[in-house]
Amino acid sequence: MEVADYPVGTSIKLTSEQFRARRARSIAIALALGAFVQVIFAVTIVRLGSGALTGPDYMRPVETTK
């Protein structure tokens, strides 16, 4: 039976096994997202710490050719 086959106003009752599986999946997604954010943050700090925004070419006006 598809979800659309249920009458309006009714809800689906999850079994305890389905609820545990959903919770475990949600926790796994949250941990993966947190790890991704930490990796992006670490890469940003390393790039800024290595002097990526300093040097002779930083903020140099772009030369246009005609």
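For the stretch 1-49, which positions are among the β-branched types (V, I, T), outside any helix (DSSP H, G or I) and at pLDDT below 85?
Looking only at the stretch 1-49, we keep the residues that are among the β-branched types (V, I, T), and these are 3, 8, 10, 12, 15, 27, 29, 37, 39-40, 43-46.
Next cut, outside any helix (DSSP H, G or I) only: 8, 10, 12, 15.
Those that are among the β-branched types (V, I, T), outside any helix (DSSP H, G or I) and at pLDDT below 85: V8, T10, I12.
Cβ-Cβ distances below 9 Å connect the following pairs, each with a first residue in the stretch 6-31 that is free of Cβ contacts under 8 Å to residues at least 40 places away in the same chain, a second residue that is of a type in the set (V, I, T) and not in a loop (DSSP other than H, G, I, E, B), and a separation of six or more residues or different chains: I12/V3.
Taken over the stretch 28-66, the criterion of being under 14 Å from the mean Cα position of the chain (by Cα) and open to solvent by 80 Å² or more (accessible area, probe 1.4 Å) is satisfied by I29, L31, L33, F36, V37, Q38, V39, I40, F41.
The values are calculated or read from the model by the stated rules, or taken from the named source; none is laboratory data. These figures come from a predicted structure and were not determined experimentally. Cβ sites come from the backbone with ideal geometry, for glycine too, and all protein chains shown count toward neighbours. Ligands, DNA and RNA are stripped out before the accessible areas are found, and what is left, the full protein with its side chains, is counted by its heavy atoms. Shrake-Rupley method; radii C 1.70, N 1.55, O 1.52, S 1.80 Å.
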